[in-house]
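Since the structure comes first, as structure tokens, the remarks are kept for the end.
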């Protein structure tokens, strides 16, 4: 379980959030650009210093620990694939970085599960967008994180690839029993993936709960915008033009 | 018609610019007589000078990298007051006339100064020694290392370092396995330029370390004592070896960048 309480003053707003998420759950933080979504993830991962913070991950206070000691893997929007390393070297990076022997059997399972077997010796510059996404996920899984932070990982993809990866993430979460915090501004991603939904606006959480609660009583502001967008999509689908 | 004139104009521009660089270099080789060249090849003093030049430039480049790369890393990764002033200071050696550099180094490192005495205690003196050559070459070339390394470090996506840390790598491990290898092509380019700059140094060496003679010093000496024809074969040899090393280093730099 993750229990986080974070406060940091920024020029545009004060980020002030408190939330709890259960173990092995898929959580989506939804919000407009500049709401503080990425900042929240960076505070949890340890890349930003909070003015006040309490982050308890699986009964351990991690807010004063350096990023490498938190067991939290952060995946940025551009995936952060190491361009000078092969796919395999990227995947086993966490073992080498922690000076532990490579769990070959586990790595093989990940590589096979993510369909990367034919790509292991390639360099990232020779991979497609979808392949890079899978490499980034494989590398994250190999680190056996207690918490996986996904910072808008699907935002730059076309619709087909996005839907493919959304389904893929759902499957991955179940297979590897992951606890995920996924940041997005796309309601479709949120609805497809979220077990718990958070709406973040100007550094404050405007809603937290499951999707049913959200649909029953959406919060004002961005929450209403989300509902409006979803209704318009539903309206198109209801026309049954396909 | 207009397109043709434009093409012709651009071709002429390229021809003049490239010719301006290439023609004097090629001219040295084409106007060289075999007799002069053979005489120079058998001249031990010339070989000694060429060796001293390459040794000095190599050591100066290493010294420049040891001092310049960490400085560039700090300047690219940390925000602090006066950072821009420090960046400007790293460019000073480029703008100071090199004879003035020689005078400044001589007055700072001679054996009557504190630093001169300190090094003399370890039997290292800078006036007319290889150490002086290295110091002078490093001083005039360090800016190239710092500015290239700075570009290299600044060009690295900060997310790569973040991901590395979150995957369990310490800051030190991240530097050696992510940041440094990715900045290496830029550092390498800076080192090539620094090496070339060190190799061509005369002004500061005339003041600080005339001996042991470097190739540019011996060229200058032969020119002033015996004229152009005596200096030309040495110039040809130095240009040949410089270009050889330049292209080898460039090849390795491109090979690394391709990965």
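The values are calculated or read from the model by the stated rules, or taken from the named source; none is laboratory data. A quick note: this is a predicted structure, and the numbers were derived from the prediction, not measured. Don't worry about glycine lacking a Cβ; one is built from the backbone with ideal geometry, like all the others, and counts go over all protein chains shown.
Structure summary
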quantity	calculated
Residue match in the stretch A:61-70 (condition: within 14 Å of chain B (Cβ to nearest Cβ) and at positive phi)	no
Filter result for the condition that a residue is out of contact with any strand residue (DSSP E or B) (no Cβ under 6 Å at 6 or more places or on another chain), away from chain A (no Cβ under 12 Å), within 24 Å of residue B:248 (Cα to Cα) and assigned to a helix (DSSP H, G or I), over B:120, B:196, B:183, B:204	B:196
Complete set of residues in the stretch A:142-159 that are within 24 Å of residue A:58 (Cα to Cα) and out of contact with any strand residue (DSSP E or B) (no Cβ under 8 Å at 6 or more places or on another chain)	A:142, A:144
Helices (runs of 4 or more DSSP H) wholly inside the stretch B:1-86 containing at least 2 residues that are out of contact with any strand residue (DSSP E or B) (no Cβ under 9 Å at 6 or more places or on another chain) and within 29 Å of residue B:191 (Cβ to Cβ)	B:2-30, B:44-77
Test: residue A:77 is within 14 Å of chain B (Cβ to nearest Cβ), surrounded by fewer than 21 Cβ atoms within 10 Å (Cβ to Cβ), closer than 29 Å to residue A:171 by Cβ and in contact (Cβ under 8 Å) with a residue 60 or more places away in the chain	yes
The listed residue being more than 13 Å from the chain's Cα centre (by Cα) and within 14 Å of chain B (Cβ to nearest Cβ), out of A:157, A:150, A:132	A:132
Test: residue in the stretch A:14-29 that is within 14 Å of another protein chain (Cβ to nearest Cβ), under 26 Å from residue A:218 (Cβ atoms) and in contact (Cβ under 8 Å) with a residue 12 or more places away in the chain	no
Members of the stretch A:112-129 found to be more than 27 Å from residue A:191 (Cβ to Cβ) and within 18 Å of the chain's Cα centre (by Cα), listed by number	none
Subset of the stretch A:83-95 [at the interface with chain B (Cβ under 8 Å from one of its Cβ atoms) and either more than 15 Å from residue A:131 (Cβ to Cβ) or touching a strand residue (DSSP E or B) at 6+ places or on another chain (Cβ under 6 Å) (or both)]	A:84, A:93, A:94
Single residue of the stretch B:124-164 satisfying the filter (surrounded by fewer than 24 Cβ atoms within 10 Å (Cβ to Cβ) and within 14 Å of chain A (Cβ to nearest Cβ)) that is farthest from residue A:41 (Cα to Cα)	B:155
Flag for residue A:181 being within 20 Å of residue A:131 (Cα to Cα), in the same structural domain as residue A:41 (by TED's automatic domain parsing), in contact with a helix residue (DSSP H, G or I) (Cβ under 7 Å, 6 or more places away or on another chain) and not in a loop (DSSP other than H, G, I, E, B)	no
Selected residue (only one of A:137, A:141 is assigned to a helix (DSSP H, G or I), within 14 Å of the chain's Cα centre (by Cα), without any contact (Cβ under 8 Å) to a residue 40 or more places away in the chain and closer than 23 Å to residue B:160 by Cβ)	A:141
Top-ranked residue of the stretch B:165-176 - restricted to ones that are part of a helix (DSSP H, G or I) and within 15 Å of residue A:139 (Cβ to Cβ), ranked as farthest from the other protein chains (Cβ to nearest Cβ)	B:174
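Yes/no per residue for (1) within 19 Å of residue B:133 (Cβ to Cβ); (2) touching a helix residue (DSSP H, G or I) at 6+ places or on another chain (Cβ under 8 Å):
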site: B:2; (1), (2): no, no
site: B:13; (1), (2): no, no
site: B:31; (1), (2): no, yes
site: B:51; (1), (2): yes, no
site: B:54; (1), (2): yes, yes
site: B:62; (1), (2): yes, no
site: B:73; (1), (2): no, yes
site: B:82; (1), (2): no, no
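Each row is one residue, and each column tells you yes or no for (1) assigned to a strand (DSSP E or B); (2) assigned by TED's automatic domain parsing to the domain that holds residue A:122; (3) surrounded by fewer than 16 Cβ atoms within 10 Å (Cβ to Cβ).
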{"site": "A:20", "(1), (2), (3)": "yes, no, yes"}
{"site": "A:29", "(1), (2), (3)": "yes, no, no"}
{"site": "A:34", "(1), (2), (3)": "no, no, yes"}
{"site": "A:43", "(1), (2), (3)": "no, no, no"}
{"site": "A:63", "(1), (2), (3)": "no, no, no"}
{"site": "A:82", "(1), (2), (3)": "no, yes, no"}
